[in-house]
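Quick notes on the structure that follows.
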Amino acid sequence: MAFESNGQYYIKGETEYIVFSEDYEGREKVDVIYKISNQEVWVGRSGSVKMRQSFRAGEQTAGTLESDFGSFHLDIDTEKVVKMQDPQKNRGSIQLQYQLKVQGQLTGQYFITIHYEEEQAK
């Protein structure tokens, strides 16, 4: 799955934030926050889906998912977190590779890549 979205990128202290909205066909939008520090990437979603996840390379972390189908416990086994930046061109990317269990059941291996860059003036 791939999509593009406009959002915001900012730095507060030593933490970076990426904020945007996901639009799903037939559902209300979901607001997403990525909070990126040296040790962890934390993801929060709110709207028709509420989700909290954190990713730390080589560690297992817990999260939650709330949707129309109920509330679920998540176990996230993060294999890789890669952060790349090109400050001269105001762009970068985050890569997450992890296995996800929902209510103790393995749902699969996931790989997320987020590319961000400053929008050029028109």
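Read-outs: derived from the displayed coordinates by stated rules, not from any lab. Keep in mind it's a predicted model, so treat the numbers as computed, not measured. Reconstructed Cβ throughout: ideal geometry from the backbone, glycine too, with neighbour counts over all protein chains shown.
Taking Y110, is it on the phi < 0 side of the Ramachandran plot, touching a Lys or Arg at 6+ places or on another chain (Cβ under 9 Å), of a type in the set (F, W, Y) and surrounded by 11 or more Cβ atoms within 10 Å (Cβ to Cβ)? Give the steps one after another, and end with the answer.
Working: on the phi < 0 side of the Ramachandran plot: yes; touching a Lys or Arg at 6+ places or on another chain (Cβ under 9 Å): no; of a type in the set (F, W, Y): yes; surrounded by 11 or more Cβ atoms within 10 Å (Cβ to Cβ): yes.
In short, no.
Report, by residue number, each residue of segment 48-95 that is loosely packed, with under 13 Cβ neighbours inside 10 Å and aliphatic (A, V, I, L, M).
Answer for segment 48-95, where residues must be loosely packed, with under 13 Cβ neighbours inside 10 Å and aliphatic (A, V, I, L, M): A62, V82, M84.
Are there any pairs with C-beta distances below 6 angstrom linking a residue in segment 101-113 that is closer than 16 Å to A62 by Cβ to a residue that is charged (D, E, K, R) and surrounded by 11 or more Cβ atoms within 10 Å (Cβ to Cβ), with the two at least 6 apart or on different chains, and if so which?
So the pair list comes out as K101/D75.
Restricting attention to strands (runs of 3 or more DSSP E) lying wholly within segment 1-93, give those where 1 or more residues are over 17 Å from I114 (Cβ atoms) and polar (S, T, N, Q).
Numbers: elements: 7-12, 15-22, 30-36, 41-47, 50-55, 60-67, 70-86.
Where strands (runs of 3 or more DSSP E) fall fully within segment 1-93 and carry at least 1 residues being over 17 Å from I114 (Cβ atoms) and polar (S, T, N, Q), they are 41-47, 60-67, 70-86.
Filter segment 94-122 for residues that are polar (S, T, N, Q) and either in a strand (DSSP E or B) or closer than 28 Å to G7 by Cα (or both) and give the result.
Quick first cut of segment 94-122, residues polar (S, T, N, Q) only: 95, 97, 99, 103, 105, 107, 109, 113, 120.
Residues satisfying the conditions are Q95, Q97, Q99, Q105, T107, Q109, T113, Q120.
When the residues of segment 2-47 are filtered to those that are of a type in the set (A, V, I, L, M) and closer than 16 Å to Q95 by Cβ, which remaining residue is surrounded by the fewest Cβ atoms within 10 Å (Cβ to Cβ)?
A2
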